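What follows is calculated from the coordinates using simple rules that are stated; it is not laboratory data. Here the structure is a predicted model, which is why all the values come from computation and not from measurement. Cβ coordinates were reconstructed from backbone atoms using ideal geometry, including for glycine residues, and neighbour counts include every protein chain displayed.
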Ligand code: DQA
């Protein structure tokens with residue numbers, strides 16, 4: 001199973017950015033952590049990070065026909081971007097939303113998630129482990145889909 005892990009704006013600043021909320025580990029640490037967990041799970045992962053909404057849309061579109069699943073932390077674009085929602089709906093690739101912090105316990109403006117309407121699941125408040133949980137959700141979902149196809 002090929003999974004694309006997408007991170008949005010300011011997540012390249014992990015380790016520097018608000019460590020009390022996001023922790024002291026860096027984006028590079030995140031990539032290494034997910035990469036080794038995915039290896040153990042038997043999933044193939046690729047990574048993309050951008051601070052630009054249109055670049056994130058482009059990357060989601062390019063995933064069409066190439067990836068079987070997307071794990072996305074759209075960061076601030078979670079709360080504003082219909083374009084990212086439309087992109088995941090356009091490609092129809094099973095997608096799971098992830099947030100490092102528990103957005104449910106933060107400001108009112110973080111209570112809205114556009115991307116969630118196009119996702120099969122959402123994981124929040126579990127730090128870096130949330131990305132691994134998202135990969136497992138995608139793997140279970142895909143296994144469920146293919147066993148349904150076998151029966152038909
Ligand atoms: C975040 C939560 C968002 O509200 C915020 O804008 C981020 C990171 C998280 O991972 O907790 O940049 O997506």
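Here is a list: 47, 33. Which entry is surrounded by fewer than 18 Cβ atoms within 10 Å (Cβ to Cβ), in contact with a strand residue (DSSP E or B) (Cβ under 8 Å, 6 or more places away or on another chain), closer than 19 Å to residue 133 by Cβ and in contact (Cβ under 8 Å) with a residue 40 or more places away in the chain?
Answer to the check: 47.
Check residue 140 against each of (1) within 12 Å of the chain's Cα centre (by Cα); (2) more than 22 Å from residue 20 (Cβ to Cβ) and name the one condition it does not meet.
(1)
Filter the stretch 63-78 for residues that are within 16 Å of the ligand (Cβ to nearest atom) and buried (at least 17 other Cβ atoms within 10 Å of the Cβ); which is farthest from the chain's Cα centre (by Cα)?
Here the residue is 77.
Among the residues of the stretch 1-28, how many are without any contact (Cβ under 8 Å) to a residue 60 or more places away in the chain and either surrounded by fewer than 16 Cβ atoms within 10 Å (Cβ to Cβ) or assigned to a strand (DSSP E or B) (or both)?
10
From 60, 93, grab the single residue that is in contact with a strand residue (DSSP E or B) (Cβ under 6 Å, 6 or more places away or on another chain) and more than 16 Å from the ligand (Cβ to nearest atom).
The conditions single out 93.
Go through the stretch 96-125 and report how many residues are surrounded by fewer than 17 Cβ atoms within 10 Å (Cβ to Cβ), within 11 Å of the ligand (Cβ to nearest atom) and in a helix (DSSP H, G or I).
Qualifying residue count, the stretch 96-125: 3.
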